[in-house]
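First comes the structure, then the notes that go with it.
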Amino acid sequence: MKEKTLGKVISQKEISKNIFDMWIATDLANQAKPGQFIGVYPKDKSTILPRPISICEIDKEKKALRIVYRIAGAGTTEFSTYQAGDDVAILGTLGNGFPLEEGK
């Protein structure tokens with residue numbers, strides 16, 4: 001189900017040059033499946049479209065999603081400045097995903 005919602009950054013760190021690891025607290029974690037992605041909206045209104053970023057990990061207990069992304073332009077450069085406690089607008093969950101049971 002697609003839904004635009006406001007999440008909150010739990011943590012963010014640069015894990016390699018221009019590669020960032022961000023955890024976002026959101027109720028979307030309850031419905032997220034492996035293989036899906038979210039659209040992350042920049043706060044800068046000159047960049048209207050959300051940036052599609054794959055979900056790297058899901059923590060249903062903490063209601064959190066982990067994304068790992070590379071700085072590729074203005075939107076992801078902005079995301080790299082986010083800190084714990086910052087709000088982040090996201091659209092999700094997107095894509096069909098896949099069941100883990102069939103993958104085993």
Worksheet entry | Structure-based [θ]222 nm, the chain - -39500 (n - 2.57) summed over DSSP H runs of at least 4, per residue, nearest 500 | -2000 deg cm²/dmol
Response to the item:
So Lys4 and Ala72, fully extended at 0.36 nm per residue minus their Cα-Cα distance, gain in nm 22.2 nm
Response to the item:
Regression test value, accessible area per residue of the chain, probe 1.4 Å, units Å², expected 61 Å²
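Between Thr47 and Ser11, what FRET efficiency comes out of the Förster formula 1/(1 + (r/R0)^6) with R0 = 22 Å and r the beta carbon distance, rounded to 0.05?
According to the calculation, E is roughly 0.40.
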Worksheet item: Carbon-plus-sulfur fraction of the accessible area of the chain, 1.4 Å probe, in percent?
Response: 53 percent
Discussion item. Can you compute 3J(HN,Hα) from phi for each residue in region 61-66, using the Karplus curve 6.51 cos²θ - 1.76 cosθ + 1.60 with θ = phi - 60°, rounded to whole Hz and x for Gly and Pro?
Written reply: 5, 8, 6, 9, 10, 10
Item to complete: Compute the Cα gyration tensor for region 1-65, then decide on rounded, prolate or oblate, letting a ≥ b ≥ c be the square roots of its eigenvalues: rounded whenever a/c is under 1.5, prolate when a/b is larger than b/c in the other cases, and oblate in all that remain.
Response: oblate
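The values are calculated or read from the model by the stated rules, or taken from the named source; none is laboratory data. Keep in mind that what you see is a predicted model, and the values were worked out from it rather than measured. As a convention, Cβ positions derive from the backbone with ideal geometry for all residues, glycine included, and neighbour counts pool all protein chains shown. Only protein heavy atoms, including side chains, enter the accessible area calculation; ligands, DNA and RNA are left aside. Shrake-Rupley method; radii C 1.70, N 1.55, O 1.52, S 1.80 Å.
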